[in-house]
1. What figure, in Å² to the nearest 10, do you get for the accessible area of H131 with a 1.4 Å probe and non-protein molecules left out?
2. Using DSSP, restrict attention to beta bridges with both residues in segment 2-160 and report what percent are antiparallel, rounded to the nearest 5.
3. Counting heavy atoms of the protein chains only and a 1.4 Å probe, report the per residue accessible area for segment 2-160 as a whole number of Å².
4. Going by accessible area, probe 1.4 Å, with all protein chains left in place, what is the ranking of L79, L36, largest first?
5. Quick one: plug the Kirkwood hydrodynamic radius of segment 2-160 (C-alpha pairs) into Stokes-Einstein at 25 °C, 0.890 mPa s, and report D in µm²/s.
6. For the pair K541/V28, report the inter-label distance in nm, with labels modelled 7 Å from Cα in the Cβ direction.
7. Binned at 10 Å from 0, what are the whole-percent values of the Cα-Cα distance distribution for segment 297-434, short to long?
8. Using just the Cα positions, wrap segment 270-354 in a convex hull and report its mean projected area in square nanometres, one decimal place.
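The values are calculated or read from the model by the stated rules, or taken from the named source; none is laboratory data. In this text the structure is predicted, and so the values were computed from the model without any measurement. Cβ sites come from the backbone with ideal geometry, for glycine too, and all protein chains shown count toward neighbours. All accessible areas refer to the heavy atoms of the entire protein, side chains included, with ligands and DNA or RNA removed. Shrake-Rupley method; radii C 1.70, N 1.55, O 1.52, S 1.80 Å.
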Amino acid sequence: MALYLLYESASGYSLFLAHGLDEIGQNVDAVRDSILDLNRFGKVVKLVAFNPFSSALDALNQCNAISEGIMTDELRNFLELNLPKVKEGKKSKFSLGVSEPKVGSQIFEVSKIPCQFNEFVLELLRGVRLHFERFIKDLKPNDLEKAQLGLGHSYSRAKVKFNVNRVDNMVIQAIFLLDSLDKDINTFSMRVREWYGWHFPELVKIINDNYLYAKIAKFVEDKSTLSADRIPQLADIVGDEEKAEEIVEAAKASMGQDLSPIDLINVQQFAQRVLDLAEYRKKLYEYLVTKMNDIAPNLTSLIGEVVGARLISHAGSLSNLAKCPSSTLQILGAEKALFRALKTKGNTPKYGLIFHSSFIGRASARNKGRLARYLANKCSIASRIDCFSDISTTIFGEKLREQVEERLDFYDKGVAPRKNVDVMKAAIEFALDKGDKGVVEKKDADELSAKKSKKKKSKDVENEVDAIVDQPTLLDGDVSVELVSEKKKKKKKQKEVEDEGFKVTVNGTNGHSADLSGTIKKKKKHREEEHADVQMATERKKMKKKKTAEQAE
């Protein structure tokens, strides 16, 4: 059987014929040694055809298609033109060696050309890559290097380049900075309280807010200069005239020590820095809210901006979070507790970062774990919609949030929630009515409408309508929910009939059930008789052994 080799270079597609090879004794080590010598390798492998790319853009498109395992029209025409044609109903007398198994399977599906992918083919292609410049006569020595360099740069640039509005790295950096700012502002505010407290200790009991305390410390400066004339300005800062009067009265009878002008200047400068940091923190939070609404609108509407951003940053990216199953997302952020529990064989954690969601706080202690599992499932669905949808919309996130609210009511009051199928149908219809047709195509609508959740058995909750799902599974679009319920009923009936020791209740009017019970009883009697015969045979064997032992003695 002839072996053709397909080699994709930066300059174009090339087809080689490897002839004179013994297929039975294909020694990889011998081939590895022989490819270094061009004279030996040139006798075995010869160039059949070469198709150069028309432009750098064409080369980039072909390279992207090969990396994704897609057979382009240009490659298909090249192979059909240069490979021998196979008659219908007959086996092909050749095979095509490829370097990518995905491309080989695609070629076989489309054109029915048999493909090979093994170590022997890879060694031959390595030799082709080594001596490629000498196989093509018109190719100059530096042309191939320039083509490889240009294609490498453009391919890497295309892989790195994303939609500017949907870069999740900005969210990761923003949430890290927000958390560090919260710690720094809290530490600096406590330092302002301690520092200015030496001068005006009574102010700490009157004002509890750190930001407001720094603002008042900046305004008051020296307590001895505080008089009734400044009450209106102080009331504008505090927002309460009674508190402003209380501050003025406390300043008159204060027990704090006096500070020198240079000490007061340092306190005022530090208080101003704290105020600037607090203002920047507010702006950063607004920036985070806008970025989260652009990148993950459904996850944001479901669980909030801060918790959603923490999940994305902990997973590494939105795509990594979308790839995580709901069980992993549930304990994301509690890795130490998980491995400690596995090591000590204790109870594993029920939740990680999603504990900061308001839903977990509203649930009772008995239902926190259940709700965390349910919320993690919905967050997984929302992150996948955000990651893989082309147009951003908050419809699915709002509907998923409604489902979590209904589940909370179900745990507290026993009100049965809606099924996931009905909710998704309503979300799709709403999206289509609103005009977001790019978000949901008809095919996706059929798939989402047939979503099926794995049932989770629970002793505490017997009347659950929508079972908690660890991972959502998709049914075919044509399969209806009624068909699934019928299949489940049939399976239950078969199990009931097949189980041993099953008791059939005989109804006087139903003759079929009576016959069934009779056949089961007959089978039982037959089994009991066989068991009794086996016992008798074993007892006879024991008696014979005893007799033979006594005779031997």
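1. Answer for H131: close to 10 Å² accessible.
2. 70 percent
3. 60 Å²
4. L36, L79
5. Reported coefficient: 149 µm²/s.
6. Calculated label separation equals 5.3 nm.
7. Answer for segment 297-434: a P(r) of 12, 41, 33, 12, 2, 0 percent.
8. Details: hull surface 30.6 nm².
Value for segment 270-354: 7.6 nm².
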